[in-house]
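Remarks on the structure that follows.
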Amino acid sequence: MPMNYSVPRAWRERKKYYRLEAARCLSCGRVNYPPGPVCRYCGSDKLEKIELIDEKARLITWTVIHVPVEGYEEHRPLIIGIVETLDTKARLLTRIVDAEPSELSRGMILEPVLRRIREDGEAGLIHYAITYRPPIKQV
Amino acid sequence: MVDKPGIVGWGSYIPLNRLPLDEITRVWGFQPEMPSSLNVREKAVAGRDEDSVTMGWEAARNALRRAGIDPSLIGAVWFGTESKPYAVKPSATILAEALGITPVTMASDMEFACRAASEALRISLAAVSSGLVRYALVIGSDTAQANPGDVLEYTAASAATALIVGPGSEAAAVIEDSYTYVTDTPDFWRRAHQPYPLHGEGFTGAPAYFHHIVSAVKGLFEKTGLGPEDFTYAVFHQPNGTFPLRVAKMLGFPKEKVLPGLVTPYIGNSYNSSALIGLSRILDIANPGDTILLAPFGSGAGSDAYAIRVTEKVLEKQTLAPTVDDYLERKKKIDYALYAKHRGLIKRIR
Ligand SMILES: [Zn+2]
């Protein structure tokens, strides 16, 4: 049974998808997501791991995809946005859920929520990841 | 006196989509009075990107906010569901990892129709009392399935509730005592590889739901010397909006003690979350000194009865996470077609 998505890769990336594990640069202070071996802003390799899971985020921009790649038909239209976490100012590319495109506005506050983002066919792994949605309660 | 364990954090989750039950009548040609005879108006429907794991995650996040503890202090994650995303592979490890509880914890999925999470609660009480763990996380979460056109489709719904059990000294509500009653009663089942459950028509009431709940609650009363007059609230498993009121009457509880914890009329039966979301809604509004009778039920069949006393810590925790009513108010009505898509009732080649 061929797997379309590598199982070791899904396992390796679980903290990134479940907890929003990111890399804070100890040289310039910026937060990298996804985390990499060097800071994408200043090139430093002095990084520390942090998690962004407890932060709300601000919606910077978004796009609505009516013709997604194969496998996402049931999630149409897909809303993909760039959000900035409120405290750490990390910028993330993320799926936006539980909202119609007409309900979104620049600068609105969103909160992280775990969702199923893809399935490897009928028999393969189910992949979960943090997405963002308008908060249950505006505080 | 031993420090009795209690609930240090609680939280629920209800998905955004609601199907008005008149839609089921329209599509399947039932009598128009079906929804009112069940005392259920709408049911909550999990989206295409949700399942019992994602819903359980959000309920647990709310419980963690109210508990105010480091998730890594949790020593057991027990997940009660009858709608596991995988037939084999624990959901509890996905949840433990995503909630920041791994790796030093017990974790497993439990199955007892709608009662698995209640068994998890009883085991958690034992695990905390014995000192085996400091905190245990109990999650009841279901995206309940029903054969399209079966009467069960009116009530099979989606929601989740999580409880963090810990030392009574930190608890919003102390569990004073509990009692369990089970027999082999085949009122509802689903065989392996079958997509939908079957139920013994007319068999789910008297010999199953009513007999087991009444026996568990009477057993608790005998064991403790308590009676209906000793409780501020009573919460029963709620497969529809009428059974809990009938069983309350049989046990001598007035309707007023039951209504605050009766959530099924608004969202349908959320199976492992059914009685627990009622408890969650009561804890959202409870005052110190209030007492709660909780009696979940699961087909197959069994019921547990708990005597719960609310402490002064409840007040500071109530505002730390969204309440059940916050989720009840956040809703979007959908029609049968969208419901069918969300619940995977439309067969596609994938
Ligand atoms: Zn840098």
- Per-residue average of Cβ from other chains inside 10 Å of B:46-55: 5
- How far apart, in nm, are two points set 7 Å out from the Cα along the Cα-to-Cβ line at residue A:82 and at residue A:127? 2.2 nm
- Note on the structure: antiparallel share of DSSP beta bridges within the protein assembly as shown, to nearest 5, in %, is 80 percent
- Message: If packing is taken as the average number of other Cβ atoms within 10 Å across a peptide's residues, how do A:34-43, A:65-74, B:9-18, B:62-71 rank, most packed first?
- Response: B:9-18, B:62-71, A:34-43, A:65-74
- In the range B:85-139, GluC sites (Glu not before Pro) in a DSSP loop with at most 16 other beta-carbon atoms within 10 Å: B:111
- Query: Just for chain B, what percent of DSSP beta bridges are antiparallel, to the closest 5?
  - Reply: 65 percent
- Task: Could you work out the relative contact order of chain A, using alpha carbon pairs under 8 angstrom and six or more residues apart, expressed as a whole percent?
- Result: 21 percent
- Message: Run lengths n ≥ 4 of DSSP H only: what is the helix-derived mean residue ellipticity at 222 nm for chain A, with -39500 (n - 2.57) per run over all residues, to the nearest 500?
- Response: -2000 deg cm²/dmol
- Message: For chain B, what does the relative contact order come out to in percent, with C-alpha contacts under 8 Å and a separation of six or more?
- Response: 26 percent
- Quick one: if you stick a label point 7 Å off each Cα along the C-beta vector at residue A:72 and residue A:11, how many nm between them? 2.7 nm
- Task: Within 10 Å of each Cβ in peptide A:123-130, how many partner chain Cβ atoms are there on average? Round it to a whole number, please.
- Result: 3
- Task: Evaluate the charge dipole of the range B:181-328 about its Cα centre and quote only its size in Debye, nearest 20, assuming +1 on the Cβ of each Lys and Arg and -1 on the Cβ of each Asp and Glu.
- Result: 240 debye
- Message: I want the local charge near residue B:12. Using Cβ-Cβ distances under 15 Å, sum +1 for each Lys or Arg and -1 for each Asp or Glu among the other residues.
- Response: +1
- Message: Given the -39500 (n - 2.57) contribution per DSSP H run of 4+ residues, what per-residue ellipticity at 222 nm results for chain B, rounded to the nearest 500 deg cm²/dmol?
- Response: -9000 deg cm²/dmol
- Query: What number, in percent, do you get for the relative contact order of the range B:177-310 if the mean sequence gap of Cα pairs under 8 Å and at least 6 apart is divided by its residue count?
  - Reply: 36 percent
- Once you sort the root eigenvalues of the Cα gyration tensor of the range B:108-257 as a ≥ b ≥ c, which label holds: rounded (a/c under 1.5), prolate (a/b larger than b/c) or oblate (the other case)? oblate
- In debye, nearest 20, what is the charge dipole magnitude of the protein assembly as shown about its Cα centre with +1 on Lys and Arg Cβ and -1 on Asp and Glu Cβ, if you could check? 1280 debye
- Message: Exceeding 28 Å between C-alpha atoms, which entries from my cross-link table qualify? They are B:43/B:347; B:218/B:255; B:43/B:249; A:16/A:56; A:16/B:313.
- Response: A:16/B:313
- When you count, for each residue, the other Cβ atoms within 10 Å and take the mean per peptide, how do B:189-199, B:273-283 rank with the highest first? B:273-283, B:189-199
- Task: Determine the shape class of the range A:1-86: with a ≥ b ≥ c the square roots of the Cα gyration tensor eigenvalues, call it rounded for a/c under 1.5, and otherwise prolate if a/b is greater than b/c, oblate otherwise.
- Result: oblate
- Residues of the range A:36-72 with amide N under 19 Å of a point placed 7 Å along Cα→Cβ from residue A:91: A:36-44, A:52, A:56-64
- Message: Give the residue list of GluC sites (Glu not before Pro) in the range A:78-139 that are DSSP loop and have at most 11 other beta-carbon atoms within 10 angstrom.
- Response: A:122
- Note on the structure: For the range A:7-133, the accessible surface attributable to carbon and sulfur atoms (probe 1.4 angstrom, ligands and nucleic acids excluded) amounts in percent to 51 percent
- Under the rule rounded for a/c under 1.5, else prolate if a/b exceeds b/c, else oblate, using alpha carbon gyration tensor axes a ≥ b ≥ c, the range B:177-310 is classed as prolate
- Approximate spin-label separation residue B:230-residue B:34, in nm, with each point projected 7 Å along Cα-to-Cβ: 4.3 nm
- Query: Other chains near A:108-120: what is the mean number of their Cβ atoms within 10 Å of each residue's Cβ?
  - Reply: 3
- Query: the range A:73-116 to the range B:74-140: how many Å between their Cα centroids?
  - Reply: 30 Å
- Query: Can you list the GluC sites (Glu not before Pro) in the range B:295-329 that are in a DSSP coil and have 15 or fewer other beta carbons within 10 angstrom?
  - Reply: B:312
- Message: Can you list, by residue number, the Cys in the protein assembly as shown that have no neighbouring cysteine C-beta under 4.7 Å?
- Response: B:114
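The values are calculated or read from the model by the stated rules, or taken from the named source; none is laboratory data. Here the structure is a predicted model, which is why all the values come from computation and not from measurement. Every residue, glycine among them, receives a Cβ derived from its backbone with ideal geometry; neighbour counts consider all protein chains shown. In case anyone asks, the SASA skips ligands and DNA or RNA and just uses the protein heavy atoms, side chains included. Shrake-Rupley method; radii C 1.70, N 1.55, O 1.52, S 1.80 Å.
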